[in-house]
Ligand code: NAD
Ligand code: UD1
């Protein structure tokens, strides 16, 4: 298939572009590089030995999106492009609502106009809120506590309504848990903007000596060691989950959790990182981070049953690959 990958120069999009090329699909990437760099496109090509068609463009600009649909015969869209920082979304809600909503609306509109019937959307476990674990796709979603989460809930709803109104339209809503790690080549990975908010990039930067020590946000949660529990998934497994979702997409709306089904605490991840890489990560326990939930992990049985997909890589692989990328690349804005 000829796949339009928006946000394909970013962290998850670039790994998915590789997985798609390896599965013999053609990839067109549209990215405005607001959180990535064009060097990633060359790296995707050098890893796979295949060509990518790249457009530096903003998918909130309707005319630009339309010209893409006119120029290429597109079979499916995977829509990663979006802003993703929870804290920033609270400070700049309009940026988040306009970027994340308008991009989705433009793409959906052009899919209808040009008869593109397959749409895969990057959603998040954040739509479950503070629910009962394991999170199941059929659960009632709880109101989002920040504009970022709200855009995910709203985009899911828009695409669902669209599919109900247009029976030929197929939508895959993929709810990611916590993607970490990097491609095993060490060439692409996650490069956070400024001081990382998320745990793994913070750990790798402490290990590298760029940051003095990790702050563990709370050790009084109702978990075995008191620290927060998350379902970390290797980004390459996540990427392969997209190929499975796309290749198994049938008419209607289909929601799948992409996680491992296992919870790992903050301290367990720190210990695993130290063991996998034989490097010390100094930390101190501080107060809870506002807005954090105690425990979040997926029920992954639906994805296994319907997509024939399961995460294969373990925490050790995630720690090793995240560190390899940090050692080789961890500065500057190149994923
Ligand atoms: P990322 O920032 O690395 O990638 C997003 C890409 O989209 C970037 O390359 C950016 O330049 C591009 N982009 C943003 N707005 C654009 C626009 N208007 N037009 C064109 N390009 C635009 O983020 P990521 O971690 O790869 O996340 C990809 C998607 O997955 C996002 O929608 C994000 O909300 C979602 N998601 C991410 C996580 C996570 O932990 N990383 C978890 C759940 C969901
Ligand atoms: C965060 C986002 C969530 C998003 C997810 C994946 C917030 C409030 N939530 O979730 O919406 O879907 O990333 O991108 O930002 N931790 C520390 N020290 C740190 C960083 C994190 O102890 O410096 C702890 C956290 O308290 C948490 C765990 O590590 O228990 C994981 O944190 P993080 O990587 O930020 O992911 P989430 O909190 O799951």
Item checked: Complete set of residues in segment 288-316 that are closer than 24 Å to residue 239 by Cα, within 16 Å of ligand 2 (Cβ to nearest atom) and assigned to a loop (DSSP other than H, G, I, E, B) -> 297, 311
Check: Among the helices (runs of 4 or more DSSP H) contained in segment 63-173, which hold 3 or more residues that are within 17 Å of residue 3 (Cα to Cα)?
Finding: 102-114
Note to self: residue 285 - would you say it is touching a residue at least 24 places away in the same chain (Cβ under 8 Å), surrounded by 16 or more Cβ atoms within 10 Å (Cβ to Cβ) and either more than 16 Å from ligand 1 (Cβ to nearest atom) or outside any helix (DSSP H, G or I) (or both)?
What the structure shows: no
Note to self: Looking at segment 209-244 only, could you name the residues that are at positive phi and in contact (Cβ under 8 Å) with a residue 40 or more places away in the chain?
What the structure shows: 218
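Would you mind stating whether residue 154 is within 16 Å of ligand 2 (Cβ to nearest atom) and either modelled with pLDDT of 95 or more or surrounded by fewer than 22 Cβ atoms within 10 Å (Cβ to Cβ) (or both)?
The answer is yes for residue 154.
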Check: Has segment 258-270 got at least one residue that is within 9 Å of ligand 2 (Cβ to nearest atom), in a loop (DSSP other than H, G, I, E, B), over 15 Å from the mean Cα position of the chain (by Cα) and surrounded by 22 or more Cβ atoms within 10 Å (Cβ to Cβ)?
Finding: no
Notebook entry, point to check: What are the residues in segment 227-241 that are farther than 22 Å from residue 216 by Cβ and touching a strand residue (DSSP E or B) at 6+ places or on another chain (Cβ under 6 Å), if any?
Noted result: 235, 238, 241
Checklist line | Close pairs from segment 267-279: first closer than 12 Å to residue 207 by Cα, partner outside any helix (DSSP H, G or I), Cβ under 7 Å, at least 6 apart | finding: 270/214; 270/281; 270/283; 273/281; 274/280; 274/281
Item checked: When residues of segment 49-81 are limited to those that are free of Cβ contacts under 8 Å to residues at least 60 places away in the same chain and within 21 Å of the chain's Cα centre (by Cα), the one surrounded by the fewest Cβ atoms within 10 Å (Cβ to Cβ) -> 56
Note to self: Condition first: touching a residue at least 12 places away in the same chain (Cβ under 8 Å) and surrounded by fewer than 17 Cβ atoms within 10 Å (Cβ to Cβ). Now tell me which residues in segment 123-132 satisfy that.
What the structure shows: 130
Margin query: I need the full set of residues from segment 188-234 which are more than 27 Å from residue 130 (Cα to Cα) and outside any loop (DSSP other than H, G, I, E, B), in order please.
Written below: 204, 205, 206, 207, 208
Notebook entry, point to check: Got at least one residue in segment 192-204 being in contact (Cβ under 8 Å) with a residue 40 or more places away in the chain and more than 12 Å from ligand 1 (Cβ to nearest atom)?
Noted result: yes
Next item on the list: Test residue 194 against the criterion of being touching a helix residue (DSSP H, G or I) at 6+ places or on another chain (Cβ under 8 Å) and at positive phi, and give yes or no.
Entry: no
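The values are calculated or read from the model by the stated rules, or taken from the named source; none is laboratory data. Note that the structure is a prediction, hence the values are computed from the model and not measured. Reconstructed Cβ throughout: ideal geometry from the backbone, glycine too, with neighbour counts over all protein chains shown.
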